[in-house]
Amino acid sequence: MSALHPSNFSTSYFRLQGFPGLESAYPWVALLLSTIYTIVLLGNTTILYVLRIERSLHEPMYYLLALLTTTDLGMGLSTLPTVLGVLWGHHQEISLDACIAQAYFIHGLAGMESGVLLAMSWDRFIAICNPLRYTSLVTGSSIIKIGVIFLIRCVLLTLPVIIRLRFFFYCHPHVLSHSFCLHQDLLRLACSDIRFNSFYALGLVISTLVLDSVLILASYILILRTVLVVASHGEMLKSLQTCTSHILAILVFYVPVVGLTMVHRFGKHLTPLVHVLMGHIYILFPPLMNPIIYSIKTQQIRKRILGMFYLERG
């Protein structure tokens, strides 16, 4: 029997496990996650609104922030229906096609966020290491080109490994270990030849997340070297302060990625709930924290948001 024929489907529906062991506390978990999703949606839409109406923020570096915020908003929206459906309505079934689509958006948006963080590190590198050429190199058109390149990367590179899931034969119990669909979760239930997906997924992670993180680290090594060589103590602090928001955004994204990888690789003895919680941290922590980071650390955004708040109160 061919493993790549649609008639091989054992079923077209899967069951989302939710939060094992916390079923009795679902109302409280639902309230907590509903609050987090509300903050994610309001925070990221507010940042986008401020970036749009504040003329002083119509600069290339803030176009990158708009890309990051849009990606975070997409990540939140991609998982919101199934997570809250499980918690509020106990709607735990999801069709194969919907599951594959959700996995595509989750993994694609993760790659996009990594790419945007890399582009932001390039922006900081040019601003500090080659400031005289900053305005000629970092332009609106160059940011658009970079955004399109990373969009094409995440769309095209993620597609082959995800589309094959549509043609696998699933014979194991159709219970997914999260409240949303991930590639590795579906792969675990397949009885077809999954070697291509396994190797391709590993190569995809190396060529995107790992490569991006190495290039980001290299850019900051060069930034630090430049600052230590040419700047006074005061200039050094001022230069590094311009990188604070970006460094925090990097940590917010990559620390959960590393944590989730460690849990999957070495945490087989841990309870399923730990895996589920790490998965939700990986999905929700960056879109939750990035608006807070940039609202606090970017003076123009902070002033505009406070102005909107006081205006509404008045």
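Bear in mind that the values in this text are calculations on the coordinates, not laboratory data. Remember, predicted model here, so these are calculated numbers, not experimental data. Cβ placement follows ideal geometry from the backbone for every residue including glycine, while neighbour counts extend to all protein chains displayed.
Specify whether the C-alpha gyration tensor of the stretch 244-314 places it in the rounded, prolate or oblate class, a ≥ b ≥ c being the square roots of the eigenvalues: rounded for a/c under 1.5, otherwise prolate if a/b is larger than b/c and oblate if not. Taking the square roots of the gyration eigenvalues as a ≥ b ≥ c, the stretch 244-314 is oblate. Its DSSP H runs of at least 4 residues, each contributing -39,500 (n - 2.57), put the calculated 222 nm mean residue ellipticity of the chain at -25000 deg cm²/dmol, to the nearest 500. Cβ screening of the chain for cysteine pairs under 4.7 Å finds these without a partner: CYS129, CYS154, CYS243. Estimated from the Cβ-Cβ distance and a Förster radius of 41 angstrom, the FRET efficiency linking MET236 and PHE167 is about 0.15. Toward the positive end of the charge dipole of the chain, with +1 on the Cβ of Lys and Arg and -1 on the Cβ of Asp and Glu, the farthest Cα among PRO272, GLY89, TYR13 is that of PRO272. Largest GNM mean-square fluctuation among PHE19, PHE266, PHE150, using the chain with Cα springs under 10 Å: PHE266.
Once whole DSSP H runs in the chain are found, which of them have Cα atoms spread over 27 Å or more along the helix axis and a mean Kyte-Doolittle score of at least 0.0? Helices meeting the span and hydropathy rule in the chain are 26-53, 60-89, 96-129, 140-163, 211-230, 244-266, 272-297. Computed over the stretch 96-152, the quotient of the alpha carbon radius of gyration and 2.2 N^0.38 Å is 1.50. Remark: spin-label model distance SER34-GLN300 equals 3.8 nm, labels positioned 7 Å along the Cα→Cβ axis.
Sorted on the mean count of surrounding Cβ atoms within 10 Å across their residues, most packed first, peptides 288-299, 117-128, 214-225 read 117-128, 288-299, 214-225.
Only the Cβ atoms of Lys and Arg (+1) and of Asp and Glu (-1) were treated as charged; on that basis the dipole of the chain about its Cα centre amounts to roughly 520 debye. Taking the dipole about the Cα centre of the stretch 135-237, with the C-beta of Lys and Arg at +1 and of Asp and Glu at -1, give me whichever of VAL227, LEU151, SER198 is farthest to the positive side. Of the options given, the answer is SER198.
The residues neighbouring ILE149, those whose beta-carbon lies less than 15 Å from its own, together hold a net charge of -1 under the Lys/Arg +1, Asp/Glu -1 convention. Take the Cα of LEU22, step 7 Å toward its Cβ, do the same at SER136, and the gap between the two points is 5.4 nm.
Alpha-carbon geometry of the chain: the Rg and the Dmax are 21.4, 70 Å, given in that order. Spin-label pair ILE221-ILE292: with each label point 7 Å from Cα along the Cα-Cβ axis, the two points sit 3.2 nm from one another.
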